[in-house]
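The values are calculated or read from the model by the stated rules, or taken from the named source; none is laboratory data. In this text, all values refer to a predicted model and were calculated from it rather than measured experimentally. Here the Cβ is made from the backbone with ideal geometry for all residues, glycine too, and neighbour counts use every protein chain on show.
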Amino acid sequence: MIKTTNLTKKFGAHVSLDSVNIEFNKNESIALMGANGAGKTTLIRSILGYYHPTSGGVSINGLDPIKERVKVLENISFVPQLPPPIKLSIAELMQYISVSAHVDTELITHYANEMKLDIKANLNKSFFKLSGGMKQKLLIAISLAKKSNIIIYDEPTANLDPKARDDFYRLLKQNEDEKVLLFVTHRLEEVKDLVNRQVYMDLGKIVSDERVGS
């Protein structure tokens, strides 16, 4: 599903990824951990095709995320740590996602309701003006509704209260089959019951990669 080969990314003299070789396959739920500056975000942005490798490469379902980015992103859901500054209303955002990514708006509403977010009452509100928790719930609902086979969450529970976290975990448990779930996190205890693999990065390298749980 996801494979990096000698993936190196430099910013000037700084080496952010140092010849990283790793594979993430379906039915794996991975916690990607490490201190700030370890290279986690650079790895994710390379997978998404935001960054061009300095050397080496990335393959997503056999495709190059730079050259075939549109096709690659069709199969990936990504929820960033900081919600993007979208100025559309919720109704406009859902319509845009429905058309551009072929996502069923009824399904978005279903998952939002499961996260205790009342979309119908907020349809005309600007996404930009929602609380951090509401933004996060909506982005999670969209990520689940998209039916991707790769879902990447960057600090997914940062803005969620404990009840919303429980809802999030419950929904993920129902949706984890035949997928790669990749959690970028500082808090292993929050995702440890969801993951079957723990990967630590430091200074642009993979320093440990362990299977855990069942």
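Some notes on this structure:
- The residue that is nearest to N25 (Cα to Cα), counting only those in the range 159-179 that are among the polar types (S, T, N, Q) and in contact (Cβ under 8 Å) with a residue 12 or more places away in the chain, is N175.
- Selection within the range 136-158 - part of a loop (DSSP other than H, G, I, E, B) and either in contact (Cβ under 8 Å) with a residue 60 or more places away in the chain or hydrophobic (A, V, I, L, M, F, W, C) (or both): K146, S148, N149, E155, P156, A158
- Matching residues, the range 43-66, being surrounded by 19 or more Cβ atoms within 10 Å (Cβ to Cβ), out of contact with any Pro (no Cβ under 7 Å at 6 or more places or on another chain) and free of Cβ contacts under 8 Å to residues at least 60 places away in the same chain: Y51, P53, P65
- Exactly one residue among V103, V99 is in a helix (DSSP H, G or I), under 30 Å from V58 (Cβ atoms), outside the structural domain of L172 (by TED's automatic domain parsing) and modelled with pLDDT under 95, and that residue is V99.
- Condition broken by V70, with the remaining ones in (1) over 26 Å from K40 (Cβ atoms); (2) surrounded by fewer than 14 Cβ atoms within 10 Å (Cβ to Cβ); (3) among the aliphatic types (A, V, I, L, M) satisfied: (1)
- With respect to the stated conditions, Y153 is assigned by TED's automatic domain parsing to the domain that holds H14 and in contact with a Leu (Cβ under 9 Å, 6 or more places away or on another chain).
- Selection from the range 174-214 of residues that are within 15 Å of K40 (Cβ to Cβ) and either touching a helix residue (DSSP H, G or I) at 6+ places or on another chain (Cβ under 6 Å) or not in a strand (DSSP E or B) (or both): F183, V184, T185, H186, R187, L188, V191, V195, M201, L203, G204
- Residue pairs meeting the criteria (Cβ under 6 Å; at least 6 apart or on separate chains; first hydroxyl-bearing (S, T, Y), in the range 111-134; second not in a loop (DSSP other than H, G, I, E, B)): Y111/A141; Y111/L144; Y111/A145; S126/S89
- Only one of the numbered conditions (1) loosely packed, with under 13 Cβ neighbours inside 10 Å; (2) touching a Phe, Trp or Tyr at 6+ places or on another chain (Cβ under 6 Å) is not met by D193, and that is (2).
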